[in-house]
1. Could we say that A:D109 is of a type outside the set (A, V, I, L, M) and either under 20 Å from the mean Cα position of the chain (by Cα) or under 21 Å from A:G2 (Cα atoms) (or both) here?
2. Which residues, counting only those in the range B:27-73, are of a type in the set (V, I, T) and free of Cβ contacts under 8 Å to residues at least 60 places away in the same chain?
3. Given the options A:G80, A:G111, name the one that is surrounded by fewer than 21 Cβ atoms within 10 Å (Cβ to Cβ), at pLDDT 95 or above, within 14 Å of chain B (Cβ to nearest Cβ) and under 22 Å from A:M159 (Cα atoms).
4. Restricting to the range A:267-279, give me the number of residues that are at pLDDT below 95 and closer than 18 Å to A:R306 by Cβ.
5. So which residues in the range A:256-269 are in contact (Cβ under 8 Å) with a residue 40 or more places away in the chain and out of contact with any strand residue (DSSP E or B) (no Cβ under 6 Å at 6 or more places or on another chain)?
6. Any idea which of A:L239, A:L305, A:L295 is more than 21 Å from the chain's Cα centre (by Cα) and either closer than 24 Å to A:P346 by Cβ or at pLDDT 95 or above (or both)?
7. If you scan the range B:57-70, which residues turn out to be surrounded by fewer than 13 Cβ atoms within 10 Å (Cβ to Cβ) and within 26 Å of A:D86 (Cβ to Cβ)?
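The values are calculated or read from the model by the stated rules, or taken from the named source; none is laboratory data. These numbers come from a predicted model, not from an experiment. Reconstructed Cβ throughout: ideal geometry from the backbone, glycine too, with neighbour counts over all protein chains shown.
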Amino acid sequence: MGDRVLLLVGTKKGAFIVESDEARRTWTIRGPSAEGWPIQDVSYDRESGALYAGGGSSWYGPTVFRSADLGETWSQSSAGLTYGDDGPKIKNVWSVTPAHGRVYAGVQDAGLFRSDDQGQTWQHVEGLTNHPSRPSWQPGAGGLILHSIVPHPTDPDRMWVAISAVGTFETTDGGKTWEARNKGVRADFIPGPPPETGMCVHKLVMAPDEPDHLYQQNHCGVYRTFDGGRNWEEITHNLPNDFGFPMVAHPRDPKVAWTIPHSSPEAGRYMPNGAAAVWRTEDGGDSWIRGDEGLPQENAWFNVLREAMGRDDLDPVGIYFGTSTGQLWASADAGRTWSCITTTLPPIWSVDAARISD
Amino acid sequence: MATVHLPSSLALVVPELPKIATVEGSTVAEVVAALDERWPGVGDRVLDAGPTIRRHINVFVDGEPAALDTAVGDASVVHVIPAVAGGAGERS
């Protein structure tokens with residue numbers, strides 16, 4: 001029996017599990033789960049086989065759901081997910097990332113929490129909140145959010161996180177201390193020389209060759225770094241615009257990554273000219289190739305949010321994205337040709353993929 | 001023992017939470033703490049940091065709007081009700 005591919009879809013009204021086989025031609029949809037709560041991010045923990053979903057209810061607050069049976073049943077807990085009774089109220093959970101036997105949650109207002117017991121209880125990673133730049137942190141349009149959590153693949157003490165509109169930070173001591181990693185990144189909305197923080201990073205991802213090789217889609221361009229973010233180099237090049245939200249890195253080829261440029265932030269934030277396209281680089285960001293076969297080339301006035309593009313690890317790689325209008329799109333050939341899985345989901349906020357071997 | 005009416009939507013995320021519970025407590029805060037002790041997680045869903053009652057959760061004691069320090073009597077009836085407002089959701 002072959003492997004199964006599960007798309008983990010977070011929406012404004014619950015999580016959905018969209019399933020296929022390795023061919024990735026036909027799909028079945030399960031959901032909504034997580035009791036219809038707004039879900040910002042769904043992740044698969046390869047070590048335990050569990051799913052984690054982060055979100056927040058307007059009535060019942062932020063929490064992290066966990067499913068041990070691939071989304072059939074869920075439990076939730078936010079025990080310890082607090083800055084304390086005197087601190088700011090946590091509005092939402094924006095990202096959940098399992099790594100090294102732990103689970104990390106990025107929240108709004110921006111901060112990082114860690115669970116050592118599979119999401120039953122949470123501890124504040126205070127070192128990030130204690131960064132000297134914290135008093136100057138300002139929100140982006142989506143709020144002051146910690147949206148990207150990029151663990152080192154082998155060193156549990158090393159990790160990068162990204163916050164809008166603050167920038168990228170790295171820890172090398174398990175979260176006790178953090179350093180800003182934004183040199184070379186534009187912040188066009190701040191006059192004068194670039195500050196140490198204040199950058200509006202939209203999505204941070206790691207290339208598969210070495211941990212210091214990262215990509216980011218920013219409010220102001222697309223970037224790469226080969227030294228863990230100490231120096232960033234802009235690689236926007238021939239993309240139709242420097243503004244976009246999601247970004248995905250290839251699971252094996254460090255020179256391949258995907259992004260979805262949008263129209264300018266003050267001009268709609270949708271597909272440029274209403275023509276949908278996913279752009280990929282095959283040379284590490286020196287140039288970009290438009291992939292639009294099968295995608296609507298007129299009246300595509302949707303957007304694709306920062307967590308709403310994901311990939312599997314098959315060969316060829318499957319790329320998936322969800323839209324603000326509830327469409328879920330799939331490509332089984334690394335973004336060259338596309339087909340629509342469904343047009344009828346709630347507004348999609350996150351898409352990830354997991355390969356399940358039975 | 002106060003009688004507490006709980007929303008069915010809360011029971012969806014708190015295992016075995018009944019729609020009507022009877023618990024000890026001389027204030028709303030004590031009633032919520034008693035609920036949380038028997039059904040762990042209720043407190044985090046009803047209360048925000050502060051602690052305060054969450055913005056879109058309304059609590060009534062004997063039909064009157066209540067705060068955490070509102071007195072609860074042995075024969076009191078407490079209602080925990082999600083507000084009509086609150087369903088908009090945010091994302092950009």
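1. yes
2. B:T27, B:V28, B:V31, B:V32, B:V42, B:V46, B:T52, B:I53, B:I57, B:V59, B:V61, B:T70, listed by residue number.
3. So the residue among A:G80, A:G111 that is surrounded by fewer than 21 Cβ atoms within 10 Å (Cβ to Cβ), at pLDDT 95 or above, within 14 Å of chain B (Cβ to nearest Cβ) and under 22 Å from A:M159 (Cα atoms) is A:G80.
4. 1
5. Of everything in the range A:256-269, those that are in contact (Cβ under 8 Å) with a residue 40 or more places away in the chain and out of contact with any strand residue (DSSP E or B) (no Cβ under 6 Å at 6 or more places or on another chain) turn out to be A:V256, A:P265.
6. A:L295
7. Those that are surrounded by fewer than 13 Cβ atoms within 10 Å (Cβ to Cβ) and within 26 Å of A:D86 (Cβ to Cβ): B:P65, B:A67, B:D69.
So that you can scan it fast, the table gives a plain yes or no per residue for (1) among the small types (G, A, S); (2) surrounded by fewer than 24 Cβ atoms within 10 Å (Cβ to Cβ); (3) in contact with a Phe, Trp or Tyr (Cβ under 8 Å, 6 or more places away or on another chain):
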| residue | (1), (2), (3) |
| --- | --- |
| A:A105 | yes, no, yes |
| A:D116 | no, yes, no |
| A:G119 | yes, no, yes |
| A:H124 | no, yes, yes |
| A:H131 | no, yes, yes |
| A:R134 | no, yes, no |
| A:W137 | no, yes, no |
| A:I145 | no, no, yes |
| A:R181 | no, no, yes |
